[in-house]
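Reviewing the structure listed below.
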Amino acid sequence: MVSQPNLARDLQGFALDVSDISATLGAVDWNFSSRKRLSELENIHPYPAKFIPEIPGTLLDILPIPSNTAVLDPFVGSGTTLIECQKRGIRSVGIDLNPIACLISQIKTSPAPRHVEKALKEVLSYAKLMPDIELPDIPNLDHWFKRPISEAVERILSGIEAIRPPSEDLLRLALSSILVRISNQESDTRYAAVVKDVQPSDVYELFASAARKLDRAVQARDYHCTSSIILERDTLSVKPSEIGCPIGAVITSPPYPNAYEYWLYHKYRMWWLGYDPVAVKSKEIGARAHFFKANHHTADHFVEQMRGSFALIADVLVAGGFVCFVVGRSKIHGTIVDNAQIIQDIGHEFDFRTVFRTERMIAASRKTFNLSHANIKTETLLVLSR
Ligand SMILES: C[S@@+](CC[C@H](N)C(=O)[O-])C[C@H]1O[C@@H](n2cnc3c(N)ncnc32)[C@H](O)[C@@H]1O
């Protein structure tokens, strides 16, 4: 982390020259090569292509964000920007289409619910004592989950629903976090069905230990949960009035075209928790599925989607505010596309000016399942202002 945590506050009130900000941003090692392993809070639930907290954290420390404003992340994912805002007492708003992303962000940014252990015990005893249960109608369920495992999952869900403790969402997220592990799916990033030695008793134990881990992580936060609003929406359909407060900075990493499949990563989590992954897929920016079918997407779709995002940003961002994007390149039908350049050009169309642009290495641990198809090793940090 950069060594001046109060720089933004110290600088407020001074007419800051953009070149000073660029120079300060330029002095940072954006690779954060010496970063420690993930904290327990970062680690509560798998999420692909998270950005490391040091990126939003350092931006918040350096940028002189106009006072009395909130920070917006229009592609909030697992909530990294929101948490860094909370650590600094800054209000924030996050938007994501993916209900699992929103659930993770919501749990990470809400005050810790009380009496999780008691609720856990009640849910488990309800689940185990229930008479016969009916499995939900989920496509290909038996291919991905052994029948006794599905029954244990459904029992836990019925227990949570029957008891409805204040920690209901935390318990649902704990269950979501173990679903791939107890399924026949090889791993979070490999969609092959394999034989695993998982018993129903493992489902109850893994669920209990995930719930306790989650409880510990939210209890261990040593800062106040400053207001953080999460909108489960397609960013392109959000109206400025729905943001509800002036925005002083946007800090985000948008979906990369033809790179990740957030909906696919969480497909069975969504089915089990009662959401519709097919609807999420249809609106997901950059999902690889949109690049294979007839009338497939091209880089022009991404241009229009980023224009739509900037239309919202331009409306809610106050004068003197900042827009920060971390974005990689894509390979679309054999051609490498510089997504940062697309975003920078669109920013200029909307009268933003470039304050800073640099390349940073993508940590090997973040190259989850398919960036390798394009041999993409770096991503761009772009900071604009108006
Ligand atoms: C690179 S990830 C963000 C990761 C986040 N920075 C973190 O640390 O977890 C991009 C996010 O954009 C979301 N997304 C894709 N299309 C969207 C859309 N149309 N509206 C809102 N969110 C969308 C995906 O669900 C994904 O969570």
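The number of residues in segment 85-113 that are within 19 Å of Val326 (Cβ to Cβ), more than 10 Å from the ligand (Cβ to nearest atom) and of a type in the set (A, V, I, L, M, F, W, C) comes to 3.
The set of residues in segment 249-261 being near the ligand (Cβ under 10 Å from one of its atoms) and more than 25 Å from Ile332 (Cα to Cα) consists of Ile251 alone.
The condition (being in contact with a Leu (Cβ under 9 Å, 6 or more places away or on another chain), at pLDDT 95 or above and within 16 Å of the ligand (Cβ to nearest atom)) is satisfied by just one residue among Phe145, Phe75: Phe75.
Identification of helices (runs of 4 or more DSSP H) wholly contained in segment 9-101 with 1 or more residues that are more than 23 Å from the chain's Cα centre (by Cα) and of a type in the set (Ser, Thr, Tyr) yields 18-26. Out of all the residues in segment 270-287, is one or more without any contact (Cβ under 8 Å) to a residue 40 or more places away in the chain and hydroxyl-bearing (Ser, Thr, Tyr)? The answer is yes, given that some residue of segment 270-287 is without any contact (Cβ under 8 Å) to a residue 40 or more places away in the chain and hydroxyl-bearing (Ser, Thr, Tyr). Taking each residue of segment 304-316 that is more than 14 Å from Ile285 (Cα to Cα) and looking for partners that are polar (S, T, N, Q) with beta-carbon atoms closer than 8 Å, six or more apart or interchain, yields Leu312/Thr235. Can you confirm whether segment 88-106 contains a residue that is over 28 Å from Gln199 (Cα atoms), in the same structural domain as Asn43 (by TED's automatic domain parsing) and either surrounded by fewer than 13 Cβ atoms within 10 Å (Cβ to Cβ) or free of Cβ contacts under 8 Å to residues at least 24 places away in the same chain (or both)? Within segment 88-106, one or more residues are over 28 Å from Gln199 (Cα atoms), in the same structural domain as Asn43 (by TED's automatic domain parsing) and either surrounded by fewer than 13 Cβ atoms within 10 Å (Cβ to Cβ) or free of Cβ contacts under 8 Å to residues at least 24 places away in the same chain (or both).
Given the residues Tyr275, Tyr223, which is the only one that is touching a helix residue (DSSP H, G or I) at 6+ places or on another chain (Cβ under 7 Å) and surrounded by fewer than 16 Cβ atoms within 10 Å (Cβ to Cβ)? When all the criteria are applied, what remains is Tyr223. When Val316, Val303, Val238 are screened for being modelled with pLDDT under 95, touching a helix residue (DSSP H, G or I) at 6+ places or on another chain (Cβ under 7 Å), under 22 Å from Asp351 (Cα atoms) and not assigned by TED's automatic domain parsing to the domain that holds Ser187, only Val303 passes. Kindly indicate whether Leu82 is in contact (Cβ under 8 Å) with a residue 60 or more places away in the chain, more than 13 Å from the ligand (Cβ to nearest atom) and among the hydrophobic types (A, V, I, L, M, F, W, C). Taking the combined requirement at face value, the residue does not satisfy it. Checking each residue in segment 23-72 for being away from the ligand (no atom under 13 Å from the Cβ) and of a type in the set (D, E, K, R) picks out Asp29, Arg35, Lys36, Arg37, Glu40, Asp61. The criterion of being away from the ligand (no atom under 16 Å from the Cβ), part of a loop (DSSP other than H, G, I, E, B) and among the β-branched types (Val, Ile, Thr) does not hold for Ile156. Which of the residues that make up segment 205-248 are over 30 Å from Ile332 (Cα atoms) and small (Gly, Ala, Ser)? Residues satisfying the conditions are Ala208, Ser209, Ala210, Ala211, Ala217, Ala220, Ser227, Ser228, Ser241, Gly244, Gly248. Of all residues in segment 297-329, count the ones that are buried (at least 23 other Cβ atoms within 10 Å of the Cβ) and among the hydroxyl-bearing types (Ser, Thr, Tyr). The total comes to 1.
Could you tell me whether Leu135 is surrounded by 23 or more Cβ atoms within 10 Å (Cβ to Cβ), on the phi < 0 side of the Ramachandran plot and either in a loop (DSSP other than H, G, I, E, B) or in contact with a helix residue (DSSP H, G or I) (Cβ under 6 Å, 6 or more places away or on another chain) (or both)? Before the answer, list the steps.
Working: surrounded by 23 or more Cβ atoms within 10 Å (Cβ to Cβ): no; on the phi < 0 side of the Ramachandran plot: yes; either in a loop (DSSP other than H, G, I, E, B) or in contact with a helix residue (DSSP H, G or I) (Cβ under 6 Å, 6 or more places away or on another chain) (or both): yes.
No, not satisfied.
The values are calculated or read from the model by the stated rules, or taken from the named source; none is laboratory data. Since the model is a prediction, treat every value here as computed from it, not as a measurement. When we count neighbours, we look across all protein chains shown, and the Cβ atoms used for this are built from the backbone with ideal geometry, even at glycine.
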